[in-house]
Amino acid sequence: TEMKRLEEFRCQFPLLESQVYGKPLVYFDNAATTQKPAKVIEASSHFYETQNANVHRASHVISAKATTAFEQSRTAVAQFINARSTKEVIWTSGTTNAINLVAQSWGKANLTKHDKVLVSVAEHHANIVPWQMIAKETGAEIVAINLTSSGVIDLKHLKRELSANVKLISVNHISNVTGKLNPVEAIINLAKEVGAKVLIDGAQAIAHHRIDVQKLDCDFYVFSGHKMFGPTGLGVLYGKQAILEAMPVYQTGGEMIKSVSFVKGTCFNELPFKFEPGTPNIASVVAFNDAIALIEAHRDLIAKQDDELTRYTYQSLCQIKAVKPLFDGLPDIPLFSFSVDNQHNQDVAAYLDSKGIAIRAGHHCAMPLMEYLAIDGCLRVSLAPYNTKQEVDFLVSTLQGLLSNEQSIEVIESAHQEGQ
Ligand code: PMP
């Protein structure tokens, strides 16, 4: 029955049935974006077919319906991450947009040339460049914390950098390159000792681990819908209400105002609308509810399958001598970064692609981490619970095929040279 539940789970994702170059698709690029279940795809069309209207302008019935569905999704997200109130859930276009919002609003209002922002060397560019921009404007300093050999944020280094000048620690929950869970609870406690705020980039954690923002007690938690079976172009900024209340508005326009007057000036709307200018991504917000429902309905299955696939893939890849993982030990989600001896990353990815296996090669939007590790890039295989052990076996045998071909080519070439 476990097998059956897994099959049923997988069956909900139509794109997984596709073929590429006439071969079955093996989709191992889930850290970039996950596939979408039929329910999410249908919810989006259903919205356009039956409820399409703008929200919060309820002078007619369809608009009222759209607004209800839109706000139901917000309630679902608040419950999903255990926020105290829907006022703490701001719709953004993604993780990137959420971090830019915090940098431009909170950062501009709170950082000075005496202050420091701590990040880690393993941040996605989305959690580096917005801080670099605001540092340029405010004179604040950005300090990058190193990793341990197993690829998690080094708490010893973090403690050494901690001082009353640290105003913010902005780090990933799980990196999109290491696949390792960072000690965010410890980081949040350390931040409290010096009165610093903490932003957690949950883009990679949200689909795999249950997130409880009250238990974590972080100030901000950000993530994207598209990495958790939801639509693209949609993300969430969670922030503690008191902090969001005190933050100045970021972008301005319709929806985020209470009143606008050339005579009396402009009065901004209350949370969460204060940070949601313009017409939002309504169809995606509505469809996102089905992605959340899918995760909630399959919590146990997802946890178990993540665990199984993590162990199985790790053991299988480590059987290949030429495969060199970037970090020691098992990752905390089924995400593996490695290089292959004597092979260019792009060549390996292209070969796998020709066999129907989708993986990613390159710097993974984490160039400072590549710099830190003194590498150009790496290969990344990232799985979702709909992936199977058979797909992992196929990856391994395909990689072995590539390597033995290369060897035989080398053998033939060297025999040829010797013969000459
Ligand atoms: N942070 C991390 C850890 C990520 O993996 C990603 C997506 N690769 C992002 C931030 C950016 O997310 P988005 O592109 O959805 O804004």
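The values are calculated or read from the model by the stated rules, or taken from the named source; none is laboratory data. In this text, all values refer to a predicted model and were calculated from it rather than measured experimentally. Every residue, glycine as well, gets a Cβ built from its backbone with ideal geometry; the counts of neighbours run over all protein chains shown. Surface areas here come from the heavy atoms of the whole protein model, side chains and all, with no ligands, DNA or RNA. Shrake-Rupley method; radii C 1.70, N 1.55, O 1.52, S 1.80 Å.
What the table below lists for this structure:
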{"read-out": "Filtered residue count, the range 1-23, keeping only those that are touching a helix residue (DSSP H, G or I) at 6+ places or on another chain (Cβ under 7 Å) and either open to solvent by 80 Å² or more (accessible area, probe 1.4 Å) or outside any helix (DSSP H, G or I) (or both)", "value": "3"}
{"read-out": "Qualifying positions in the range 149-187 - within 30 Å of TYR314 (Cα to Cα), open to solvent by less than 50 Å² (accessible area, probe 1.4 Å) and more than 18 Å from the chain's Cα centre (by Cα)", "value": "SER150, ASP154, LEU155, HIS157, LEU158, ALA186, ILE187"}
{"read-out": "In the range 51-76, the residues that are free of Cβ contacts under 8 Å to residues at least 12 places away in the same chain and open to solvent by 50 Å² or more (accessible area, probe 1.4 Å)", "value": "ARG57, ALA58, SER59, HIS60, VAL61, ILE62, THR68, THR75"}
{"read-out": "Tally, over the range 119-144, of residues that are within 23 Å of GLN204 (Cβ to Cβ) and in contact with an Asp or Glu (Cβ under 6 Å, 6 or more places away or on another chain)", "value": "2"}
{"read-out": "Long-range neighbours under 9 Å by Cβ, at least six apart or interchain, first residue β-branched (Val, Ile, Thr) within the range 316-335, second part of a loop (DSSP other than H, G, I, E, B) and crowded, with 20+ Cβ neighbours inside 10 Å", "value": "ILE333/ALA31; ILE333/GLY179; ILE333/LYS180; ILE333/GLN204; ILE333/ALA205; ILE333/ALA207; ILE333/HIS208; ILE333/LEU383"}
{"read-out": "Only listed residue being out of contact with any Pro (no Cβ under 7 Å at 6 or more places or on another chain) and more than 16 Å from the ligand (Cβ to nearest atom), chosen from LEU147, LEU118", "value": "LEU118"}
{"read-out": "Those residues of the range 197-223 which are away from the ligand (no atom under 16 Å from the Cβ) and open to solvent by 10 Å² or more (accessible area, probe 1.4 Å), in sequence order", "value": "LYS197, ARG210, ASP212, GLN214, LYS215, LEU216, ASP217, ASP219"}
{"read-out": "Members of the range 233-242 that are more than 8 Å from the ligand (Cβ to nearest atom) and either open to solvent by less than 10 Å² (accessible area, probe 1.4 Å) or among the polar types (S, T, N, Q) (or both)", "value": "LEU234, VAL236, LEU237, TYR238, GLY239, GLN241"}
{"read-out": "Residue selected from the range 79-107 under the condition of a type in the set (Gly, Ala, Ser) and either closer than 11 Å to GLY235 by Cβ or within 16 Å of the ligand (Cβ to nearest atom) (or both), by the criterion farthest from the chain's Cα centre (by Cα)", "value": "ALA103"}
{"read-out": "Tally of residues being farther than 19 Å from ASN345 by Cα and of a type outside the set (Ser, Thr, Tyr) across the range 309-318", "value": "3"}
{"read-out": "Residue match in the range 379-386 (condition: open to solvent by 30 Å² or more (accessible area, probe 1.4 Å), within 16 Å of the ligand (Cβ to nearest atom) and within 24 Å of the chain's Cα centre (by Cα))", "value": "no"}
{"read-out": "Test: ALA322 is open to solvent by less than 40 Å² (accessible area, probe 1.4 Å) and within 24 Å of the chain's Cα centre (by Cα)", "value": "no"}
{"read-out": "Hits in the range 125-141 (condition: outside any helix (DSSP H, G or I) and within 22 Å of the chain's Cα centre (by Cα))", "value": "ILE128"}
{"read-out": "Cβ-Cβ under 6 Å pairs, at least 6 apart or on other chains, the range 77-96 side farther than 15 Å from SER284 by Cβ and open to solvent by 10 Å² or more (accessible area, probe 1.4 Å), far side modelled with pLDDT of 95 or more and of a type in the set (D, E, K, R)", "value": "ASN82/ASP212; THR86/ARG74"}
{"read-out": "Only listed residue being among the small types (Gly, Ala, Ser) and touching a residue at least 24 places away in the same chain (Cβ under 8 Å), chosen from GLY265, GLY253", "value": "GLY253"}
{"read-out": "Criterion: surrounded by 14 or more Cβ atoms within 10 Å (Cβ to Cβ), within 30 Å of GLN390 (Cβ to Cβ) and in contact with a strand residue (DSSP E or B) (Cβ under 8 Å, 6 or more places away or on another chain) - qualifying residue of VAL26, VAL40", "value": "VAL26"}
{"read-out": "Out of LYS227, LYS197, sole residue that is under 21 Å from VAL285 (Cβ atoms), touching a residue at least 60 places away in the same chain (Cβ under 8 Å) and among the charged types (D, E, K, R)", "value": "LYS227"}
{"read-out": "Some residue of the range 358-365 being crowded, with 17+ Cβ neighbours inside 10 Å, among the basic types (Lys, Arg) and over 19 Å from THR33 (Cα atoms)", "value": "no"}
